[in-house]
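The values are calculated or read from the model by the stated rules, or taken from the named source; none is laboratory data. Note that this is a predicted model, so its numbers are computed, not measured. Note that each Cβ is placed from the backbone with ideal geometry, even for glycine, and that neighbours are counted across all protein chains shown. Heavy atoms of the whole protein, side chains included, go into the accessibility calculation; ligands, DNA and RNA do not. Shrake-Rupley method; radii C 1.70, N 1.55, O 1.52, S 1.80 Å.
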Amino acid sequence: MRPFESENLILCQLADPEFLALERIWEPLILPRAFELVHFGMPVSHYYFLENGIASMVATSPEGRKAEIGVLGRDGMSPPALTVDAERFSFDVMMQIGGHGHRVEAGALTGFLAERPAIRRLLSRSLHTFFKQVANTALSNAVHKIDVRLAKWILMCHDRLEGEEIEITHEYMATMLGVRRSSVTDALHVLEGEHLIYSTRGLVVIRNRTSLEAFAADAYNVPGITGRDWPRTGRHHLAMVRPPAQRRQASAFPA
C-alpha cells in the first residue's frame, strides 16, 4: 500500500510497483521561492515532481529582459522532457511560489525509465500538454489584453496551489507576464473592480473562481491550460471567498 497519495498528475497515475520503485530513488524536499531547478546553459542534474507550488520556465533576451514562457507545477515533471539524458538546458526554471515535492537524479531516472515504456508515454503526453501551454501563451500575448492574460495566469497558479491565496508581488507578476509593473497594477484593479480577486502587497486572493474563469474566457478554457478536469484529492475550492481582512474579522466573532 502506498504511504501517501500524490497530488502530482504523473505520480498519481503510476501503478503501485512503479510508484514504490520511484520512491526508492527520489528525495523529498521543500522548494522555497527562487529555488533554482535548472540554470540556463547547464546540464539537468535532477528532475522534480512537484506536489504543490509553482515553477516558471523563463526565457532571457541578450539584453537581459525576462519573460515567463511556461508554468510548471503538480501537472507534470520539471523541467518537462521526453528524454532525461543530461543535456544542456535552454531556459532557467525556478520556483516562483514555494512548495514541496520530490527530485530524482537524472541518471537514476534514466535507469528507472529504461524498461518502463508506460511511464515514458505519460511523460510524452505531459510534454505535449506543456508545449500546448507555451503555444497558447504566445497566442494570448498577441491577442488578449493584459487584464485577461492576468486572469488566466492567476487561474493557472490557483490550479497548482492549495487554498485561495497566491503570495506574489506586483513586480514579480510583471516580470512573468513581460509587462511594466504599472500595467499589472491597472489590471489587478480591473479584476478587483469586478469582485473577482482581492489584492494587497505580496498577496492575491481569489474571491470568485467561476466568474474569474468567465472573465478569462478562451484565454484559459483551452486543453493544456485549464486545470478544471484535474484530480483534486482532498482539495476544496470555494466559489466565493471574502478578503483576508474580512475573514480575520469574522473569525473573531463566532456564531
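The test for being more than 21 Å from Glu23 (Cα to Cα), among the hydrophobic types (A, V, I, L, M, F, W, C) and outside any loop (DSSP other than H, G, I, E, B) does not hold for Leu123. Restricting Arg103, Arg74 to those that are of a type in the set (D, E, K, R), in a strand (DSSP E or B) and at pLDDT 90 or above reduces the list to Arg103.
Evaluated against (1) of a type in the set (S, T, N, Q); (2) closer than 18 Å to Asn8 by Cα; (3) outside any helix (DSSP H, G or I), Thr129 falls short on exactly one condition, (3). Among residues of region 177-215 being among the small types (Gly, Ala, Ser), under 30 Å from Gly64 (Cβ atoms) and part of a helix (DSSP H, G or I), the one that is farthest from the chain's Cα centre (by Cα) is Ser182. The set of residues from region 148-176 being open to solvent by 20 Å² or more (accessible area, probe 1.4 Å) and assigned to a helix (DSSP H, G or I) comprises Val148, Arg149, His170, Glu171, Tyr172, Thr175. Within region 193-210, residues that are without any contact (Cβ under 8 Å) to a residue 24 or more places away in the chain and under 22 Å from Ala174 (Cβ atoms) have Cβ atoms under 8 Å from residues that are open to solvent by less than 50 Å² (accessible area, probe 1.4 Å) and part of a strand (DSSP E or B) in these pairs: Ser199/Val205, counting only partners at least 6 apart in sequence or on another chain.
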